[in-house]
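Notes follow once the structure below has been shown.
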Amino acid sequence: MELDTVECLSSSDGFDEDGIHHHSLHHPSHPHLHNLHQFSSSKLHNANGGNNGNILGPTAIAPATSVHELLECPVCTNSMYPPIHQCHNGHTLCSTCKTRVQNRCPTCRQELGDIRCLALEKVAESLDLPCKFYSLGCQEIFPYYSKLKHETICNFRPYNCPYAGSECSVTGDIPFLVTHLRDDHKVDMHTGCTFNHRYVKSNPREVENATWMLTVFHCFGQYFCLHFEAFQLGTAPVYMAFLRFMGDEAEARNYSYSLEVGANGRKQIWEGTPRSVRDSHRKVRDSHDGLIIQRNMALFFSGGDRKELKLRVTGRIWKEQQNSDGGVCIPNLCS
């Protein structure tokens, strides 16, 4: 069966119709890309410049690493947390894997029983370890039992690929992901803080062939992802546009954006703060945090015989600046 596509005509900075770029909207069933290894363009940061031995560096990590190997489960290779189990011969494994090996030691095949390795648990309690993202820039050291919790929220942890059209498992830092989006997903890249997109769909009633699009904008030295798609909201088909910031949530709050769609003397306007790409595409979409256009209104904006979708979405991004006199945020618009 032939699948519908959506043509998007886009321009940036000044809404120059002559400079409109043509590109087709891919379908979510786009084949998986070739497997890519996780990668980061970030380099290991050595905060001491090699001079001060009291600051975390590779030599400070080595002794802890050897102890950390003792706390590595031989089955799943994850760090072991209490209760840590052992067999009669002293081989250890984590509590999760104990239920998976049918009560047999994976090393010597002896029966495990219910023996706890209290000595290793005590060692773990006294251990301080670096964050596993130290090679990406995190210089923090944590007690063994709080390290895991930190790593789930570490600001230096890799970002997931923000591409929404297929399940992409690639992770990395922002410069790497920008290159990955451009080269592997063929995402359109634009420079500037204003945009003007026209979305065209031949049969707007077939929302089950969910149409979507991703465009990346570069402004204020940062990258932003503009999403547009169709999906079912309850029983009603809707179209939605929203912006995500390629960085952490705290930094995303420094920016605002607006989206506008309209025709025939009517228009809808949305203003908000871009969500961080730490929040998944689905999470943002399902929270309805963006410009939502009901299908009947979308067809009204399209004009004509209402049998073809023709939506023009314009918008801009600005940076909120703190006013040193009154503490009030004032917009900083890019030129």
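The values are calculated or read from the model by the stated rules, or taken from the named source; none is laboratory data. Fair warning: this is a prediction, and the values are worked out from it, not measured in the lab. Here Cβ is always computed from backbone atoms with ideal geometry, including for glycine, and neighbour counts include all displayed protein chains. Surface areas here come from the heavy atoms of the whole protein model, side chains and all, with no ligands, DNA or RNA. Shrake-Rupley method; radii C 1.70, N 1.55, O 1.52, S 1.80 Å.
Using a 10 Å cut-off on Cβ atoms, rank the peptides 102-114, 177-189 from the highest mean neighbour count down.
Ranked by mean Cβ neighbours within 10 Å, highest first: 177-189, 102-114.
Students often get this wrong: which residues of segment 153-182 have the backbone nitrogen under 20 Å from the point 7 angstrom along Cα-to-C-beta of ALA250?
153-160, 173-175
Using a 1.4 Å probe and counting only protein heavy atoms, arrange VAL277, VAL67 so the residue with the most accessible area comes first.
VAL67, VAL277
To the nearest 0.05, how large is the calculated FRET efficiency for SER126 and ASP184 if R₀ is 41 Å and r is the Cβ-Cβ distance?
0.35
Can you tell me the length gained on complete extension of the stretch ALA119 to LYS283, counting 0.36 nm per residue apart and subtracting the Cα distance?
My answer for the length gained is 54.7 nm.
With every protein chain present, what accessible area does ILE141 have (1.4 Å probe, heavy atoms only), rounded to the nearest 10 Å²?
Number for this one is 90 Å².
Quick check: at a probe of 1.4 Å, how many percent of the accessible area of segment 134-271 sits on carbon and sulfur atoms?
49 percent
Leaving out same-chain residues fewer than 8 places away, which lysines sit with a Cα under 18 Å from that of LYS122?
LYS147
I need the shape label for segment 238-293. Rule: rounded when a/c is under 1.5, else prolate if a/b > b/c, else oblate, with a, b, c from the alpha carbon gyration tensor.
Oblate is the answer for segment 238-293, as a/c is 1.5 or above yet b/c matches or exceeds a/b.
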